[in-house]
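**Q** Below is one structure. I have some questions about it.
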Amino acid sequence: MSNLCNSCQLANSKRLPFHASNSFTFAPFDIIHCDLWTSPIPSKSGYKYYMVLIDNFSHFVWVYPLKFKSEAFPTFTKFHRLILTQFNRHIKTFQCDLGGEFDNHAFKSFASHHGLLFRFSCPQTSSQKGRAERMIRRLNDIVRALLIHANLPPSFWVEALHTATYLHNILPTKRLNFYTPTFALYLRHPDYEHLRVFGCACYPNTSATQPHKLHSRAIRCIFLGYPPDFRGYRCFDPTTGKVHISRHVTFDEHVFPYSMPHTPATYKFLDDQLPLGFTFQQPIKPPSLVTPFPFHYSRRPRPNPPPQPASTQPNPLSQPNQPMASPASGPQPSQPAAPGNPPPHPNQHPMTTRSKSRYPYPPPHHILTTDTISPVPKTYTKALADPNWLHAMQTEFSALQENETWELVPRPTDRPIIRCMWLFRHKFRSDGSLERYNARLVVNGNSQTVGVDCEETFSPVVKPATIRTVLSLAVSKSWPIHQLDVKNAFLHGTLNETVFMHQPPGFVDRRCPDFVCRLKKSLYGLKQAPRAWYTRFATFITSHGFKSSACDHSLFIYQQDPSNIAYLLLYVDDIVLTASNEKLLQSIIGTLSREFAMTDLGRLHHFLGIKVDQLKNGIFLSQQQYAKDIISRASMTACKPCTTPVDLSSKLSASDGPRFSDPTLYRSLAGALQYLTFTRPDISYAVQQICLFMHDPRDAHYSFMKRIIRYIQGTIDYGIRMVKSRTNELVGYSDADWGGCPDSRRSTSGYCVFLGDNLISWSSKRQPTVSRSSAEAEYRGVANVVAEATWIRNLLLELHTPLRQASIIYCDNVSAVYLSDNPVQHQRTKHIEIDIHFVRDKVRVGDIRVLHVPSSLQYADIFTKGLSKQLFQSFRTSLSVCPPPVQTAGES
């Protein structure tokens, strides 16, 4: 008969006690302890977890940050290969918990194939993996201390984790008789000379990458640890977000440049969350690994602490129950050990520590508080919980209500209802600083059906050549140039179709929750929204004396008399306005402001992502911040610059090498580089080459793209300079690379057009057909630039700046020059007869003259082929592509 009471067991069951572990290993990697830690705060690189692996023999630790738990198995296989390659040993036993990242088919198959023994802890029994739990607590304690001491935000926890792991592996421990894990694993003693204070100010030398000798030779950064793949330091530039790896670094270990609000609670995510019943047990002391023998650790010398004057008041910096001792004082009497407890193991390690020297801890640093940027929320519910984004949403919703964008009606049963959502983004100034939080309500236009709730959707967009032509004229005539921003531009467009939309998320009318919105005005995301806004704006502006240009429908021209002329460029909701005098300019701005919610942003300074610097005799256009974003998206912030975007031998083929693994990244970067050519004609040919293979990119094509980005890295602040010049001369240069495409043998045409001294148009394009001779290829190029020059002449005529003399087109092919003026037809030219007649007609009426130019002065070569460094830089300067001019005192 059993003496066990069933009721008592059900009512009073207790967990069984744990005994000290008696596991003992004789060699490294006999047992590997592993666990996964989850961070509620993502790191700056997007990591949310880290895997810790501890060797039971040497106590050496490896950590691997992870973005997803599913990366645990690939990470472990990488670690397994590392051990096998570097130490020629196999992992025998793997200790972990029953988490799904370990207890799965992939892990078990791998273990079975390699003879690896798995040891799982029992469910809800974390004490059986106490070695890993204690190590996570130790690492998190160090991480927390490093972040708090350096004033760094919690998002830097990955950098602090790597540093904490590095410090753990080189510090002595009682478990190894005051040897280090590094010595136990590698049988060599670590060096401490290179250690520096985490998060302190540092100055990496950058003289090798600076554009000229007068540029600064270092930048102020924040020290973020020791890279495992380099013998150097990781230096973080907080202004650009770039990480510099350098050996040549000077440190200021008393200054911590990162300032943030002092909120210790933000580090609570590093605190331990121990399962019920878990206790940290002091394991039994393992036997010595080796016979101790004398050795010395060395590190940077520390100054001796100054003598402390005798005082009856306690020192606030001293530890409790630990009085400060002067160097001259004798040894303090030791405290008797508590009865029943063994005496502590004496620390014979020669490394000087604060506890040995009684060196006081440094005083806390003053922390400067700055406003932190709220991250972009992924859902509208998170946005509603953030005061910054909530204010942006309320501002947008109020503007929609004031504009009477919709009216609430009962839901129709026979019409489709489209959905809407909130989009959030930060809007930055040209220098990269935050301007405002932008919340925008958009509708899902993909669910619209042509003929049901939308009709015509086309809307014109201003051409880049038009923008540069207008800016060149305004600079040459010293006209004031202003930029205007239309608030909620698409909301001003009136809809002709009936469109129903769900109520905005988070702003549902409590009185009519089942009603839907019948749109009266257009909204962002509607297929017809751009056209509705353009139609509304064009109708209003033309009713007040402006005329829409026939050459570019987004250009509007006003002329009251020869002394009162204005040009207006419209690009969606951004407007550039210039006028012959300030009075007319302000009159037009007032008229527009009365009709539309509009902001006058003052003198033109940032338009379509282009920074405009006002100079004494002109303007400077650049896209420096946009170029930095491209380099960051390509993960090449630490790349080495090169002097040209294309080498002399590069001819890309559609079948070069294997397919690129991430075609989406390739297409994204290619599109971004294409927009960068707005102010960077020097990369037009290179970008045109990589855009030819966006449908099927290869590794060789991506390597070609990386060279372009390296070139941009070295010329990141370059742009186009426009100066006051003549407006009655139009000059073009044309060139072609005959049969340059290795796949189709089609030629590449390139041209550039100058209005006075200012470059206003350029192109690099592959010809649509194969040319049978170099003369034919060159002549097709001449036809292209003649067409562009003709369009610009017509544009200038509409801008009331007609050209009274012929435009000069320079070509370096003598045969092409003769064909433009020779009326004799022959066998080699009959198949390009249309181009011949087009060019000859323009020459005959006196609009165009085609002249020969030597190849050394053919600037269009930069648009058709790779050039040598000297020739490329010479042509680049001739195209007015240069670094920002240095302004002297008094210039603005």
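**Q** For the stretch 609-719, just run the numbers: alpha carbon Rg, then divide by 2.2 N^0.38 Å, N being how many residues it has.
**A** That ratio works out to 1.09.
**Q** When N counts the residues of the stretch 380-608, how does its alpha-carbon radius of gyration compare numerically with 2.2 N^0.38 Å, as a ratio?
**A** Rounded to two decimals, the normalised Rg is 1.12.
**Q** Among residues other than residue 720 whose Cβ falls under 13 Å from its Cβ, what is the net charge (Lys/Arg +1, Asp/Glu -1)?
**A** +1
**Q** Okay, moving on. Could you work out the equivalent-ellipsoid semi-axes for the stretch 576-620, taking the square root of 5 times each eigenvalue of the Cα gyration tensor, largest first, in whole Å?
**A** For the stretch 576-620, the semi-axes come out at 22, 15, 6 Å.
**Q** Using Cβ counts within 10 Å as a stand-in for footprinting exposure, how do 90, 59, 113 rank, fewest first?
**A** 113, 90, 59
**Q** Rg to Rh ratio, the stretch 725-853, alpha-carbon atoms and Kirkwood radius?
**A** Ratio of gyration radius to Kirkwood radius: 0.98.
**Q** Tell me, 182, 599, 413, 644 in order of fewest to most beta-carbon neighbours within 10 Å?
**A** Ordered from fewest to most neighbouring Cβ atoms within 10 Å, 182, 599, 413, 644 come out as 413, 599, 182, 644.
**Q** Between the stretch 838-890 and the stretch 185-200, what is the C-alpha centre distance in whole Å?
**A** The two parts, judged by their Cα centres, are 56 Å apart.
**Q** Would you give the gap between the C-alpha center of the stretch 528-584 and the C-alpha center of the stretch 690-761, rounded to a whole Å?
**A** 31
**Q** Using per-residue counts of other Cβ atoms within 10 Å, averaged over each peptide, order 244-252, 60-68 from highest down.
**A** Top to bottom by mean Cβ count within 10 Å: 60-68, 244-252.
**Q** Also: Please figure out what share of the DSSP beta bridges in the stretch 31-191 is antiparallel and state it in percent, rounded to the nearest 5.
**A** Rounded to the nearest five, the antiparallel share is 65 percent.
**Q** Which ordering of 724, 869 is given by a fewest-first count of other beta-carbon atoms within 10 Å?
**A** 869, 724
**Q** Further, regarding this structure: With θ set to phi - 60° and the Karplus curve 6.51 cos²θ - 1.76 cosθ + 1.60, what are the ³J(HN,Hα) couplings of the stretch 401-415 in order, to the nearest whole Hz, using x for Gly and Pro?
**A** 5, 5, 7, 6, 5, 8, 9, 7, 9, x, 5, x, 9, 10, 10
**Q** For every other residue with a beta carbon closer than 10 angstrom to the beta carbon of residue 810, add +1 if it is Lys or Arg and -1 if Asp or Glu, then tell me the sum.
**A** -1
**Q** Where Rh denotes the Kirkwood radius from the mean inverse Cα pair distance, what is Rg over Rh for the stretch 53-128?
**A** Checking Rg against Rh, the ratio lands at 0.94.
**Q** Quick check: Cα centre of the stretch 763-789 to Cα centre of the stretch 211-234, how many Å?
**A** Computed from Cα coordinates, the inter-centre distance equals 48 Å.
Laboratory data are not the source of any read-out in this text; all were calculated from the coordinates shown. Bear in mind the structure is a predicted one, so any value in this text is a computation, not a measurement. FYI the Cβ positions are ideal-geometry reconstructions off the backbone, even for glycines, and counts take in every protein chain you see.
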